[in-house]
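What follows is a single structure, written as structure tokens, with notes after it.
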Amino acid sequence: MKKALKILGTLILIICTTTAIFAQSSDYQITKEFENSYRSLEASINNAITLEAADSLNKEVIKLRETYAKHKSLIDHALYPDTFEDAIQDLVAEAKYTEEVLMVMEDQGERLSSMNEQIANYQAEIAFLNNETDSLKTLIAKSEESEKNLSRLVEQYRERVEKRDEFVLQMMDSLFVAYRELEMNTGNSNELASSAIAIQEGDNPLEFIEATIEENIQVLKAGSSEMTTEDILQMHTIQKRFADTWNKVGGDLSQVYGGDDSRQWRNKIDSQLKDWKASTSKNMWDSINNTLEQNNVDIGAFDNNQSFYTAIESFINNSVEDSEGKFIADENREEFNSFYNFWNNKLKKEWGNYIQDGEVLTLSQISTIDAELVNWNDETQPTSYVVPILLGLSFITIVGLIIVLTRKD
Amino acid sequence: MRMNRLTHVILGLLIVAVASACNSFVVEDVDYSQQLESVLVPDENGNVTDVRHGISFNVNSFKEQEFGAEDSTTQIREIRLIRNADGFYFITANQFKNVYVMEPGNASLKLKKKINVSESPLTDPAFNLRSSGVQLVMRDTNEVIEMNESGILNNNEEDQS
């Protein structure tokens, strides 16, 4: 706006001075006014910031030339050694240069504007991504927290499982013994019930049993991926002991501590034990299968004790059959080594107690597999080539001697 | 003897004539004209210099001529001069009533003519050079007076000191 006013002022000055020239007719003043108009126009050209202004100033240069052309000789004299034409050409060149610069600037301005727009888009994108990152960080933090909680849960379970579950089992046993003693001493169900009330000083043991089973089920649901095969085998063993003990005393405990709801308590805990067993079994077989895969052993599908044993037996028998008659049996040997490693180092050494206690395999089954493994080992032993070679050499020597002796004769 | 004396005289005259002819070498049709007037600003001592036209002088003499020696209050802010084809300088300034026609001499400017151009002091004078002579333009009144070194052309209001 200021520039436009400046240009307008220049034009007015030129018009006024031109008018004044004709009134007074001083040669000196004409040249001075030309110089003033020239300088003013030159300044406007140098300060022009828009293409429209530059174009307008171009026209003003032409107008200046036309106005003062009739005073050319005077101005030549005033500008000596320059001339009027030189001065006008300089001004035209300046105007042209300014116009070119402004064209470039306008073009660059458009590009700059486009780039600014792009930058704004990028900034918005970055802001969006930052938000996403923050959200993801929050999620990761939550996930990490959740993972930590899970690990803590499993850790706590590991720490408590033996003591707590052992305690519950002991409690069930002791309750059972106490109950038997009471039964023997009283022989009357009413008295039994009143005695039971005397025993029940703290919480209802049925509630305690229920909570323990439920907690085990929840641990399996939430943290089975964090648990090792050994952990799950341990839980399987405990679950089995729980089930055995409950089968022995569950009915009586329900009757004594369940009161009017004894049947419901019995059914409820029976159902819970079934769920626990199913959950433990599934996790246990999956975990064993994973361990086999990690050892590169594929014995086929199994999902219970019998199918596990059968799968092992079939696997060994098939492998033995495969090895029979083979002169070189490197692949079979490798397979044997993998299974041997799993069987002895994992199953028998690390999991041995839980395998037996939890009756995953019986002692008899383990012994059978051991025997079959010995057979398999024999079948896959590397064959010695010494004897055949010696025999071959002996045969060649004998033939050679016979030929030599025949020729001598 | 008389012939000899006459011969000597004639020879002497011839020598003088030849010597004189050698000393009076003159270039004719010189144009001294200055197309544009010079507007010069005196320094604190009253000196002005026109670098382009190669002249420098003191304006105090003009001040005394115009306002009298006793006037110490009037100052010449700028002085205007122009030179015609014959080489005479025409000099005036604001508040002057006259145009001074000065003839350049040996390190001097000699008054050729003092032309009275106005009864009242000039307020905005300017010189133009035209083929007919020097124009004095009085821009305040838009009046133009044409003159040469002898005085105003077509005008008898001139005063020679």
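Values as computed for the structure displayed
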| read-out | value |
| --- | --- |
| So B:T74, is it assigned to a loop (DSSP other than H, G, I, E, B), open to solvent by less than 70 Å² (accessible area, probe 1.4 Å), modelled with pLDDT under 95 and hydroxyl-bearing (S, T, Y) | yes |
| Near pairs, Cβ below 7 angstrom, 6+ apart or cross-chain, from the stretch A:240-267 (within 22 Å of A:V360 (Cβ to Cβ)) to any residue that is of a type in the set (D, E, K, R) | A:K240/A:E359; A:A243/A:K277; A:T245/A:D173 |
| Single residue of the stretch B:37-53 satisfying the filter (within 12 Å of another protein chain (Cβ to nearest Cβ) and within 15 Å of the chain's Cα centre (by Cα)) that is nearest to B:T74 (Cα to Cα) | B:S38 |
| Pick from the stretch A:73-91, criterion open to solvent by 80 Å² or more (accessible area, probe 1.4 Å) and not polar (S, T, N, Q), ranking: farthest from the other protein chains (Cβ to nearest Cβ) | A:D90 |
| Residue count, the stretch B:13-46 (criterion: of a type in the set (S, T, Y), open to solvent by 60 Å² or more (accessible area, probe 1.4 Å) and at pLDDT 90 or above) | 1 |
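Quick grid of which residues meet (1) modelled with pLDDT of 95 or more; (2) within 13 Å of another protein chain (Cβ to nearest Cβ); (3) touching a His at 6+ places or on another chain (Cβ under 7 Å); (4) part of a loop (DSSP other than H, G, I, E, B):
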site: B:L111; (1), (2), (3), (4): yes, no, no, no
site: B:K114; (1), (2), (3), (4): yes, no, no, no
site: B:F127; (1), (2), (3), (4): yes, yes, no, no
site: B:V134; (1), (2), (3), (4): yes, yes, no, no
site: B:D140; (1), (2), (3), (4): no, yes, no, yes
site: B:V144; (1), (2), (3), (4): no, yes, no, no
site: B:N154; (1), (2), (3), (4): no, no, no, yes
site: B:E157; (1), (2), (3), (4): no, no, no, yes
site: B:S161; (1), (2), (3), (4): no, no, no, yes
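The values are calculated or read from the model by the stated rules, or taken from the named source; none is laboratory data. No experiment lies behind these values; they were computed from the predicted model shown. Here the Cβ is made from the backbone with ideal geometry for all residues, glycine too, and neighbour counts use every protein chain on show. Accessible surface is based on the protein model in full, side chains and every heavy atom, while ligands, DNA and RNA are left aside. Shrake-Rupley method; radii C 1.70, N 1.55, O 1.52, S 1.80 Å.
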